[in-house]
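The values are calculated or read from the model by the stated rules, or taken from the named source; none is laboratory data. On a predicted model such as this, the values are computed, not experimentally measured, just so you know. Ideal geometry is used to build each Cβ from the backbone, glycine not excepted, and the neighbour counts take in all protein chains shown. All accessible areas refer to the heavy atoms of the entire protein, side chains included, with ligands and DNA or RNA removed. Shrake-Rupley method; radii C 1.70, N 1.55, O 1.52, S 1.80 Å.
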Amino acid sequence: MTGTLVPSINPDVDKPRMRKRGIVLTGRLENRSIIVTGAGNGIGQATARILAREGARLLLVDKDKQAVALTAESLQQAGGDARAFAADVTDEDAVAGFTAAALESFGAIDGLFANAGIGGAVIPFAERTEAEFRSVIDVNLIGVFLSLRHVLPVMYSAGRGSIVCTGSIGSARGLPLTAAYNASKHAVLGLVRTVASEAGPHGVRINAVLPGMVDTQMLRTTTTVLAPGVDPALGVQEAGKSVSPIGRAARPEEVGEVAAFLLSDAASYVHGAGIPVDGGALATMGNRP
Ligand SMILES: NC(=O)c1ccc[n+]([C@@H]2O[C@H](COP(=O)([O-])OP(=O)(O)OC[C@H]3O[C@@H](n4cnc5c(N)ncnc54)[C@H](O)[C@@H]3O)[C@@H](O)[C@H]2O)c1
(Lines give C-alpha, C1' and ligand atoms only; values in the text may rest on other atoms or scores of the structure.)
Protein backbone atom coordinates (compact mmCIF):
# COMPACT_ATOMS: atom_id res chain seq x y z
CA MET A 1 0.00 0.00 0.00
CA THR A 2 1.46 3.39 -0.98
CA GLY A 3 0.44 6.87 0.15
CA THR A 4 0.67 8.19 3.65
CA LEU A 5 -1.66 9.39 6.34
CA VAL A 6 -0.14 12.68 7.44
CA PRO A 7 -0.33 12.92 11.25
CA SER A 8 -3.16 15.11 12.55
CA ILE A 9 -2.76 17.84 15.13
CA ASN A 10 -6.31 17.79 16.39
CA PRO A 11 -8.58 15.28 14.75
CA ASP A 12 -11.42 15.88 17.21
CA VAL A 13 -14.14 18.25 16.13
CA ASP A 14 -14.26 21.34 18.31
CA LYS A 15 -17.43 23.12 17.32
CA PRO A 16 -17.27 26.10 19.66
CA ARG A 17 -13.78 26.77 18.32
CA MET A 18 -14.96 26.44 14.73
CA ARG A 19 -17.63 29.07 15.40
CA LYS A 20 -15.10 31.31 17.10
CA ARG A 21 -12.73 31.03 14.15
CA GLY A 22 -15.42 32.09 11.72
CA ILE A 23 -16.52 28.67 10.47
CA VAL A 24 -20.30 28.84 10.83
CA LEU A 25 -21.63 25.33 11.25
CA THR A 26 -24.83 24.53 9.44
CA GLY A 27 -24.56 20.78 9.91
CA ARG A 28 -25.94 19.63 6.55
CA LEU A 29 -23.23 16.96 6.51
CA GLU A 30 -22.97 16.36 10.26
CA ASN A 31 -20.75 13.31 10.91
CA ARG A 32 -20.68 12.31 7.24
CA SER A 33 -17.26 10.99 6.31
CA ILE A 34 -16.08 12.34 2.99
CA ILE A 35 -12.94 11.87 0.89
CA VAL A 36 -11.80 14.88 -1.14
CA THR A 37 -9.09 14.40 -3.77
CA GLY A 38 -7.02 17.32 -4.98
CA ALA A 39 -7.65 18.94 -1.60
CA GLY A 40 -4.29 20.68 -1.35
CA ASN A 41 -5.25 23.65 -3.51
CA GLY A 42 -7.96 25.39 -5.47
CA ILE A 43 -11.45 23.92 -5.74
CA GLY A 44 -10.65 20.87 -3.56
CA GLN A 45 -9.28 23.00 -0.76
CA ALA A 46 -12.19 25.46 -0.87
CA THR A 47 -14.67 22.57 -0.92
CA ALA A 48 -12.98 20.93 2.06
CA ARG A 49 -13.50 24.11 4.06
CA ILE A 50 -17.20 24.18 3.14
CA LEU A 51 -17.64 20.48 3.98
CA ALA A 52 -15.98 21.09 7.37
CA ARG A 53 -18.39 23.96 7.96
CA GLU A 54 -21.23 21.53 7.24
CA GLY A 55 -19.94 19.19 9.93
CA ALA A 56 -18.30 16.53 7.74
CA ARG A 57 -15.36 14.39 8.79
CA LEU A 58 -12.78 14.65 6.06
CA LEU A 59 -9.99 12.61 4.56
CA LEU A 60 -8.12 15.04 2.36
CA VAL A 61 -6.03 13.54 -0.45
CA ASP A 62 -3.43 15.17 -2.66
CA LYS A 63 -0.16 14.16 -4.27
CA ASP A 64 1.32 17.37 -2.87
CA LYS A 65 2.02 16.22 0.68
CA GLN A 66 2.83 19.65 2.05
CA ALA A 67 -0.21 21.35 0.49
CA VAL A 68 -2.65 18.73 1.77
CA ALA A 69 -1.07 18.76 5.23
CA LEU A 70 -1.48 22.55 5.34
CA THR A 71 -5.13 22.34 4.26
CA ALA A 72 -5.88 19.74 6.94
CA GLU A 73 -3.95 21.70 9.55
CA SER A 74 -5.85 24.92 8.87
CA LEU A 75 -9.18 23.08 9.18
CA GLN A 76 -8.04 21.33 12.35
CA GLN A 77 -6.94 24.63 13.85
CA ALA A 78 -10.38 26.01 13.11
CA GLY A 79 -11.87 23.03 14.98
CA GLY A 80 -12.75 20.90 11.96
CA ASP A 81 -12.25 17.16 11.58
CA ALA A 82 -9.76 16.73 8.75
CA ARG A 83 -6.97 14.27 8.11
CA ALA A 84 -4.40 14.56 5.34
CA PHE A 85 -3.39 11.66 3.11
CA ALA A 86 -0.61 12.08 0.57
CA ALA A 87 -1.39 10.01 -2.52
CA ASP A 88 -1.33 10.13 -6.29
CA VAL A 89 -4.77 9.19 -7.68
CA THR A 90 -3.15 7.45 -10.66
CA ASP A 91 -1.54 4.90 -8.32
CA GLU A 92 -4.04 2.13 -7.54
CA ASP A 93 -2.22 1.07 -4.37
CA ALA A 94 -2.39 4.65 -3.13
CA VAL A 95 -6.11 4.84 -3.92
CA ALA A 96 -6.65 1.57 -2.05
CA GLY A 97 -4.60 3.15 0.73
CA PHE A 98 -6.76 6.24 1.15
CA THR A 99 -9.96 4.20 0.87
CA ALA A 100 -8.73 1.93 3.68
CA ALA A 101 -7.55 4.91 5.74
CA ALA A 102 -10.98 6.58 5.47
CA LEU A 103 -12.73 3.37 6.50
CA GLU A 104 -10.33 2.85 9.38
CA SER A 105 -10.63 6.46 10.57
CA PHE A 106 -14.39 6.87 10.21
CA GLY A 107 -15.87 3.37 9.89
CA ALA A 108 -17.74 4.43 6.73
CA ILE A 109 -17.38 6.45 3.54
CA ASP A 110 -20.46 8.58 2.97
CA GLY A 111 -19.08 10.86 0.30
CA LEU A 112 -16.37 11.20 -2.32
CA PHE A 113 -15.38 14.36 -4.13
CA ALA A 114 -13.24 13.02 -7.00
CA ASN A 115 -11.72 16.32 -7.94
CA ALA A 116 -7.96 15.94 -8.49
CA GLY A 117 -7.03 17.01 -12.00
CA ILE A 118 -4.47 18.69 -14.20
CA GLY A 119 -4.80 21.06 -17.12
CA GLY A 120 -2.25 19.59 -19.54
CA ALA A 121 -0.52 21.43 -22.33
CA VAL A 122 -2.30 24.36 -24.00
CA ILE A 123 -1.27 23.63 -27.59
CA PRO A 124 -2.86 22.87 -30.96
CA PHE A 125 -3.97 19.29 -31.47
CA ALA A 126 -1.38 18.74 -34.22
CA GLU A 127 1.45 19.45 -31.77
CA ARG A 128 0.27 17.04 -29.07
CA THR A 129 2.35 13.99 -28.19
CA GLU A 130 1.04 10.63 -27.11
CA ALA A 131 2.92 10.92 -23.80
CA GLU A 132 1.31 14.27 -22.96
CA PHE A 133 -2.15 13.04 -23.98
CA ARG A 134 -1.79 9.91 -21.84
CA SER A 135 -0.54 11.86 -18.83
CA VAL A 136 -3.69 14.01 -18.77
CA ILE A 137 -6.00 11.02 -19.29
CA ASP A 138 -4.13 9.22 -16.53
CA VAL A 139 -4.89 11.83 -13.87
CA ASN A 140 -8.23 13.21 -15.01
CA LEU A 141 -9.88 9.96 -16.10
CA ILE A 142 -7.98 6.95 -14.70
CA GLY A 143 -7.59 8.79 -11.37
CA VAL A 144 -11.37 9.25 -11.18
CA PHE A 145 -11.97 5.66 -12.35
CA LEU A 146 -9.68 4.26 -9.63
CA SER A 147 -11.26 6.43 -6.93
CA LEU A 148 -14.76 5.24 -7.93
CA ARG A 149 -13.61 1.66 -8.35
CA HIS A 150 -12.36 1.51 -4.76
CA VAL A 151 -14.97 3.64 -3.00
CA LEU A 152 -18.13 2.37 -4.74
CA PRO A 153 -17.97 -1.19 -3.30
CA VAL A 154 -17.72 0.32 0.21
CA MET A 155 -20.77 2.48 -0.47
CA TYR A 156 -22.65 -0.43 -2.09
CA SER A 157 -22.16 -2.56 1.02
CA ALA A 158 -23.40 0.28 3.21
CA GLY A 159 -26.32 0.89 0.82
CA ARG A 160 -25.69 4.61 0.78
CA GLY A 161 -23.31 7.30 -0.44
CA SER A 162 -22.92 10.31 -2.67
CA ILE A 163 -20.16 10.95 -5.18
CA VAL A 164 -19.32 14.15 -6.99
CA CYS A 165 -16.75 14.24 -9.78
CA THR A 166 -15.23 17.41 -11.15
CA GLY A 167 -15.90 17.76 -14.85
CA SER A 168 -15.67 21.08 -16.67
CA ILE A 169 -17.40 23.11 -19.32
CA GLY A 170 -14.89 21.09 -21.37
CA SER A 171 -17.12 18.05 -20.59
CA ALA A 172 -19.71 19.51 -22.92
CA ARG A 173 -17.86 21.59 -25.52
CA GLY A 174 -14.86 21.24 -27.81
CA LEU A 175 -12.75 24.13 -26.57
CA PRO A 176 -9.61 24.96 -28.56
CA LEU A 177 -6.02 24.04 -27.56
CA THR A 178 -7.04 21.66 -24.78
CA ALA A 179 -7.78 18.37 -26.57
CA ALA A 180 -6.45 16.04 -23.88
CA TYR A 181 -8.16 17.95 -21.09
CA ASN A 182 -11.48 18.20 -22.93
CA ALA A 183 -11.41 14.53 -23.92
CA SER A 184 -10.72 13.55 -20.30
CA LYS A 185 -13.54 15.76 -19.01
CA HIS A 186 -16.03 14.43 -21.59
CA ALA A 187 -15.05 10.97 -20.35
CA VAL A 188 -15.58 11.94 -16.70
CA LEU A 189 -19.15 12.97 -17.49
CA GLY A 190 -19.64 9.74 -19.44
CA LEU A 191 -18.37 7.77 -16.46
CA VAL A 192 -20.70 9.63 -14.10
CA ARG A 193 -23.73 8.96 -16.31
CA THR A 194 -22.86 5.28 -16.71
CA VAL A 195 -22.14 4.69 -13.03
CA ALA A 196 -25.39 6.52 -12.22
CA SER A 197 -27.30 3.87 -14.16
CA GLU A 198 -25.77 1.14 -11.99
CA ALA A 199 -25.36 2.82 -8.60
CA GLY A 200 -28.90 4.08 -8.04
CA PRO A 201 -30.31 0.69 -6.96
CA HIS A 202 -27.48 0.46 -4.41
CA GLY A 203 -28.56 3.70 -2.73
CA VAL A 204 -25.59 5.59 -4.14
CA ARG A 205 -25.93 8.87 -6.03
CA ILE A 206 -23.29 10.26 -8.41
CA ASN A 207 -23.11 13.61 -10.15
CA ALA A 208 -20.59 15.94 -11.74
CA VAL A 209 -19.95 19.63 -11.30
CA LEU A 210 -18.96 21.37 -14.51
CA PRO A 211 -17.00 24.48 -13.55
CA GLY A 212 -16.29 27.25 -16.03
CA MET A 213 -13.37 29.58 -15.40
CA VAL A 214 -12.33 29.34 -11.75
CA ASP A 215 -9.59 31.43 -10.19
CA THR A 216 -7.11 28.72 -9.16
CA GLN A 217 -3.47 28.04 -9.94
CA MET A 218 -4.52 25.71 -12.76
CA LEU A 219 -6.32 28.43 -14.69
CA ARG A 220 -3.66 31.02 -13.84
CA THR A 221 -1.08 28.73 -15.46
CA THR A 222 -3.28 28.28 -18.54
CA THR A 223 -3.90 31.99 -18.96
CA THR A 224 -0.17 32.67 -18.64
CA VAL A 225 0.33 30.50 -21.73
CA LEU A 226 -2.55 32.14 -23.63
CA ALA A 227 -1.70 35.69 -22.60
CA PRO A 228 2.02 35.88 -21.83
CA GLY A 229 3.05 39.00 -19.93
CA VAL A 230 -0.48 39.59 -18.58
CA ASP A 231 -0.88 39.44 -14.79
CA PRO A 232 -2.33 35.92 -14.24
CA ALA A 233 -4.97 37.20 -11.76
CA LEU A 234 -6.17 39.63 -14.41
CA GLY A 235 -5.89 36.98 -17.15
CA VAL A 236 -8.20 34.67 -15.19
CA GLN A 237 -10.81 37.41 -14.81
CA GLU A 238 -10.56 38.21 -18.53
CA ALA A 239 -11.07 34.51 -19.31
CA GLY A 240 -14.10 34.51 -17.02
CA LYS A 241 -15.48 37.61 -18.71
CA SER A 242 -15.00 36.06 -22.15
CA VAL A 243 -17.27 33.07 -21.40
CA SER A 244 -19.61 34.17 -18.61
CA PRO A 245 -22.36 36.79 -18.83
CA ILE A 246 -21.72 37.37 -15.12
CA GLY A 247 -18.51 38.96 -16.34
CA ARG A 248 -15.91 37.39 -14.08
CA ALA A 249 -14.25 34.12 -13.12
CA ALA A 250 -15.66 32.02 -10.26
CA ARG A 251 -14.14 31.83 -6.81
CA PRO A 252 -13.32 28.19 -5.96
CA GLU A 253 -15.87 28.34 -3.11
CA GLU A 254 -18.64 28.92 -5.65
CA VAL A 255 -17.95 25.44 -7.03
CA GLY A 256 -17.50 24.02 -3.52
CA GLU A 257 -20.97 25.13 -2.43
CA VAL A 258 -22.54 23.16 -5.29
CA ALA A 259 -20.38 20.10 -4.58
CA ALA A 260 -21.40 20.27 -0.90
CA PHE A 261 -25.07 20.44 -1.89
CA LEU A 262 -24.69 17.40 -4.16
CA LEU A 263 -22.92 15.47 -1.41
CA SER A 264 -25.73 16.23 1.02
CA ASP A 265 -29.22 14.74 1.37
CA ALA A 266 -30.60 18.07 0.17
CA ALA A 267 -29.78 16.70 -3.30
CA SER A 268 -31.48 13.35 -2.65
CA TYR A 269 -33.10 13.19 -6.11
CA VAL A 270 -30.20 14.64 -8.13
CA HIS A 271 -28.46 11.73 -9.84
CA GLY A 272 -26.41 11.30 -13.01
CA ALA A 273 -26.34 15.05 -13.60
CA GLY A 274 -23.62 17.34 -14.88
CA ILE A 275 -24.33 20.62 -13.14
CA PRO A 276 -22.72 23.66 -14.76
CA VAL A 277 -21.12 26.07 -12.28
CA ASP A 278 -19.95 28.38 -15.02
CA GLY A 279 -21.67 31.74 -14.67
CA GLY A 280 -23.91 30.88 -17.63
CA ALA A 281 -21.09 29.98 -20.01
CA LEU A 282 -22.57 26.76 -21.43
CA ALA A 283 -26.01 28.30 -21.71
CA THR A 284 -24.85 31.30 -23.68
CA MET A 285 -21.61 30.38 -25.49
CA GLY A 286 -21.74 31.65 -29.04
CA ASN A 287 -25.04 33.47 -28.43
CA ARG A 288 -23.88 36.57 -26.61
CA PRO A 289 -23.95 40.02 -28.16
N1 LIG B 1 -9.74 26.14 -12.43
C2 LIG B 1 -10.63 26.02 -13.39
O3 LIG B 1 -10.93 26.98 -14.10
C4 LIG B 1 -11.31 24.69 -13.60
C5 LIG B 1 -12.38 24.66 -14.51
C6 LIG B 1 -13.04 23.46 -14.74
C7 LIG B 1 -12.66 22.33 -14.05
N8 LIG B 1 -11.61 22.38 -13.17
C9 LIG B 1 -11.25 21.14 -12.51
O10 LIG B 1 -11.27 21.33 -11.11
C11 LIG B 1 -10.41 20.36 -10.49
C12 LIG B 1 -9.52 21.07 -9.50
O13 LIG B 1 -8.71 21.98 -10.21
P14 LIG B 1 -8.21 23.37 -9.59
O15 LIG B 1 -8.58 24.41 -10.55
O16 LIG B 1 -8.62 23.46 -8.18
O17 LIG B 1 -6.64 23.13 -9.75
P18 LIG B 1 -5.44 23.28 -8.72
O19 LIG B 1 -4.23 23.04 -9.55
O20 LIG B 1 -5.57 24.53 -7.95
O21 LIG B 1 -5.66 22.05 -7.71
C22 LIG B 1 -5.58 20.73 -8.14
C23 LIG B 1 -5.04 19.87 -7.01
O24 LIG B 1 -5.01 18.51 -7.46
C25 LIG B 1 -3.79 17.93 -7.08
N26 LIG B 1 -3.44 16.84 -7.99
C27 LIG B 1 -3.08 16.94 -9.29
N28 LIG B 1 -2.77 15.74 -9.77
C29 LIG B 1 -2.97 14.85 -8.77
C30 LIG B 1 -2.81 13.45 -8.65
N31 LIG B 1 -2.37 12.71 -9.69
N32 LIG B 1 -3.11 12.86 -7.48
C33 LIG B 1 -3.51 13.58 -6.42
N34 LIG B 1 -3.66 14.92 -6.46
C35 LIG B 1 -3.39 15.54 -7.63
C36 LIG B 1 -2.78 19.06 -7.15
O37 LIG B 1 -1.61 18.78 -6.37
C38 LIG B 1 -3.60 20.23 -6.63
O39 LIG B 1 -3.48 20.36 -5.23
C40 LIG B 1 -9.66 19.67 -11.63
O41 LIG B 1 -10.27 18.43 -11.91
C42 LIG B 1 -9.87 20.62 -12.78
O43 LIG B 1 -9.79 19.99 -14.03
C44 LIG B 1 -10.93 23.53 -12.93
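State, as an integer percentage, the relative contact order of the chain based on alpha-carbon contacts under 8 Å between residues 6 or more apart.
18
Compare N140, N31, N41 in a GNM of the chain, Cα atoms joined below 10 Å, and give the one with the largest fluctuation.
Residue with maximal mean-square fluctuation among N140, N31, N41: N31.
Between the alpha-carbon centers of the stretch 132-209 and the stretch 99-128, tell me the distance in whole angstrom.
Here the two parts' Cα centres lie 9 Å apart.
Quickly rank 215-222, 178-185, 161-168 as a protection proxy: mean count of other C-beta atoms within 10 Å, highest first.
161-168, 178-185, 215-222
Considering only DSSP beta bridges where both residues belong to the chain, give the percentage that are antiparallel (nearest 5).
Percent antiparallel among DSSP bridges in the chain is about 10.
Please report the carbon-and-sulfur percent of the accessible area for the chain; probe 1.4 Å, protein heavy atoms only, DNA, RNA and ligands left out.
Heavy-atom surface of the chain belonging to carbon and sulfur, 1.4 Å probe: 56 percent.
Report F133's accessible area, 1.4 Å probe, all protein chains in place, as a number in Å² to the nearest 10.
That residue has around 70 Å² of solvent-accessible surface.
Once ligands and nucleic acids are excluded and a 1.4 Å probe is used, how much of D91 is accessible, expressed in Å² to the nearest 10?
50
Modelling each spin label as a point 7 Å along the Cα-to-Cβ direction, I'd like the R173/S197 distance in nm, to one decimal.
Going from the R173 label point to the S197 one covers 2.7 nm.
If you project the alpha carbons of the stretch 168-289 onto the principal axes, what extent comes out on each, in Å, largest first?
52, 30, 28
With a 1.4 Å probe and every protein chain left in place, work out the accessible area per residue of the stretch 147-289 in Å², rounded to a whole number.
Each residue of the stretch 147-289 exposes 44 Å² on average to a 1.4 Å probe.
In square angstrom, rounded to the nearest 10, how much accessible surface does R205 have for a 1.4 Å probe?
Solvent-accessible area, nearest 10 Å²: 30 Å².
Just to be sure I follow the rule: in the chain, considering lysines 8 or more places apart or on different chains, how many pairs have Cα atoms under 27 Å apart?
Here the count comes out as 4.
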